[in-house]
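Asker: Dropping the structure in here first, questions after.
Read-outs throughout are calculated quantities, based only on the coordinates presented, and are distinct from any laboratory measurement. Keep in mind that what you see is a predicted model, and the values were worked out from it rather than measured. Glycine gets a Cβ as well: all are built from the backbone with ideal geometry, and neighbour counts include every protein chain shown.
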Amino acid sequence: MSDFLQETRRRRTFAIISHPDAGKTTLTEKLLLFSGAIHIAGSVKARKASRHATSDWMEIEKQRGISVASSVMQMLYRDCVINLLDTPGHKDFSEDTYRVLTAVDAALMVIDAANGVEPQTRRLIEVCRQRDTPIITFINKMDREGREPLELLDEVERELGMPCVPMTWPVGQGKAFGGIVDLRKQQMRLFAPGEAKRGDDDEIVPLAQAEQLRARFGHDFEQAEGNIELVREAAPAFDEEAFVGAQQTPVFFGSGVNNFGVQEVLDALVDLAPPPAARHVTRADGSEHEVPPHGEGFSGVVFKVQANMDPSHRDRIAFVRVNSGRYESGMKLRVQRTAKELRPTSVVTFLSQRREAVEEAYAGDIIGFTTHGGVQLGDTITHGDAPADFGTFTGLPFFAPELFQTVELANPMKSKQLQQGLMQLGEEGAIQVFRPNTGGAMLLGAVGQLQFEVVQHRLKTEYAVDIRLMPCRFTGARWVTCDDAAAMKKFVDENEGKLALDAADTLAYLLTSAYDLRLSQERYPKVVFHPLREHA
Ligand code: GDP
């Protein structure tokens, strides 16, 4: 087997998704602990605690800083290289989360046993479903009184629109939580509370000794046995192909804070989650091809751009998901969009919470290029010798903003700095910037209100520009395309005052109401109004 193929096959790249407070941070930390990537429980947690102690926008600032260091974590477990991508917790940054989901091959969904599937999880599920991302489900907080396991499975099935396949089953719950039965290994891991242990010394009893378990756990064990029997009849057997094709989700139960049931999840990532697959590329002429992960030439896609925290350097980190080949340090690189060479000042990998210079990386890995510009969200980066018509990876979504504000400059002398600042923040995806066709003040579009505050604050601290944000009449936007040039011209001529170009120079139609959209669709049937723009 070639080195490339071998290296690719041992990669697992996944995102961890949940509604706030379901236990994502805790589980992340425990996964790192179990893989040996960190040694002290509490280090991920401690940073989160300090984040909560600050005021609202300071929190955003901190989050931004923290996420540079901790949003990607690589760990070795058994013979696999696991890349874990964190997703921002606040709903106003959901766009970032969606983009992170384009960079993974699977998702780990954490659900609070008392709350079931919560609103934010539901939205993330939608994105995973659109992309057919395989989902592993972890039902957390079994040490607390929660809902019945069967009822939870039912809800997950309904929300996901695919069957659940329990891989473990809980015995008791809350104060009476006795442990979990591993349905494949036919054994029960007995619950013992505690945050410091690694689970190596957990008591494990084979189901062959069911009498002993019945004696110890009484009714709870018998009920679990009954439920396991029920599930065995009703649920499909685990089928790897169905899981990878997002047709079923394996379900695990546990308690993150007690390091319980974590081992099973980590093993599932290695045993069940898929290695990187081939990715779609579109060429300038519209033709498509697939790039296999073990293909020779290095290629990757920028799924996140983040300003560095040091305000004295205007540099940025472009997070690149490697899609094929091998990245080697010092390699010549090209940005396909501009056909220009990319000369990063440094290239880093994210080993647990440290950043380290990267020697080599394979498909599935995430590497960070520090640059002074020249890179945008969605850019395809290849080896410098890749064909000029390599094309670009498709699928990075931009969502039509639902909130708009007009930018007013406090000091008109600063208009150049404002342009530059907005362009760069737009390239990062922190906000969407629209330039009205008829000129006039620039518009900012966001999906969440906090994005405006972040941009205002960053313009001030990073670009020394004071802005006022004023309300404006727009309530939505649609990107417009049309195959018929004459129909497009008529549309543009008649709607000049409501058209604008976004940061990628794509034409957008600004809406003043939902009625506006319906009316325009009727009036211009040949024009297509897109709620989502995919980077291409
Ligand atoms: P996040 O917002 O999803 O990252 O959630 P956290 O990991 O910060 O957890 C939220 C709260 O739930 C914290 O107070 C945790 O200590 C607590 N928690 C996490 N896992 C468990 C668990 O298994 N059992 C119990 N009882 N509490 C938990």
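Asker: Dipole magnitude of the stretch 279-393 about its Cα centre, charges +1 at Lys/Arg Cβ and -1 at Asp/Glu Cβ only, in debye to the nearest 20?
Answerer: Result for the stretch 279-393 is approximately 380 debye, rounded to the nearest 20.
Asker: Hey, could you get me the Stokes-Einstein D for the stretch 279-393, Kirkwood radius over alpha-carbon pairs, 25 °C and 0.890 mPa s, rounded to whole µm² s⁻¹?
Answerer: Value of D from the Cα-based Kirkwood radius: 173 µm²/s.
Asker: Still on this model: For the chain, state the average projected area of the convex hull of the C-alpha atoms over all orientations, rounded to one decimal in nm².
Answerer: Result: a mean projected hull area of 26.6 nm².
Asker: Another question about this same structure. Can you tell me the FRET efficiency between A485 and D315 if r is taken as the Cβ-Cβ distance and R0 is 60 Å, rounded to the nearest 0.05?
Answerer: The calculated FRET efficiency here is 0.90.
Asker: When the helices in the chain are scored as -39500 (n - 2.57) per DSSP H run of 4 or longer and the sum is shared across all residues, what 222 nm value do you end up with, to the nearest 500 deg cm²/dmol?
Answerer: Value at 222 nm, helices only: -9500 deg cm²/dmol.
Asker: Follow-up question, since we're still on this one. Place +1 on the Cβ of every Lys and Arg and -1 on the Cβ of every Asp and Glu in the chain, take the dipole about the Cα centre, and give the residue among V117, Q212, G373 whose Cα lies farthest towards its positive end.
Answerer: Farthest along the dipole direction, towards plus: G373.
Asker: With 10 angstrom as the radius, rank E428, E328, E29 by how many other C-beta atoms surround their C-beta, starting from the fewest.
Answerer: Taking fewest neighbouring Cβ atoms as first place, the list is E328, E428, E29.
Asker: Going from the alpha-carbon gyration tensor of the stretch 446-536, what semi-axes, largest first and in whole Å, does one get by taking the root of 5 times each eigenvalue?
Answerer: The three semi-axes for the stretch 446-536 are 30, 14, 12 Å.
Asker: Holding the Cα-Cα limit at 25 Å, pick out from K304/K498; K304/K332; K340/K498; K340/K460; K414/K489 the pairs that are longer than that.
Answerer: The answer is K304/K498; K340/K498; K340/K460; K414/K489.
Asker: For the pair A196 and T338, what calculated FRET efficiency results from E = 1/(1 + (r/R0)^6), where r is the Cβ-Cβ distance and R0 = 56 Å, to the nearest 0.05?
Answerer: 0.60
Asker: About the Cα centre of the chain, what is the dipole size in debye to 20, counting +1 per Lys and Arg Cβ and -1 per Asp and Glu Cβ, all else neutral?
Answerer: Value, rounded to 20: 1580 debye.
Asker: Right, next: Among T28, T13, T338, rank each residue by its count of other Cβ atoms within 10 Å, from fewest to most, as a rough exposure measure.
Answerer: The fewest-first ordering by Cβ neighbours comes to T338, T28, T13.
Asker: For M442, what residues show an amide H to amide H distance below 5 Å, using hydrogens built from the backbone and excluding near sequence neighbours?
Answerer: For M442, the qualifying residues are V407.
Asker: Tell me which aspartates and glutamates have Cα within less than 19 Å of K141's Cα, excluding those fewer than 8 residues away on the same chain?
Answerer: D21, E29, D112, E118, E151, D154, E155, D182, E195, D202, D220, E264
Asker: Return, for the Cα atoms of the stretch 127-222, the radius of gyration and Dmax in Å, separated by a comma.
Answerer: Over the stretch 127-222's Cα set, Rg and Dmax evaluate to 15.2, 47 Å.
Asker: Let me ask something else. Between the stretch 85-160 and the stretch 442-512, what's the alpha-carbon centroid distance in Å?
Answerer: 31 Å
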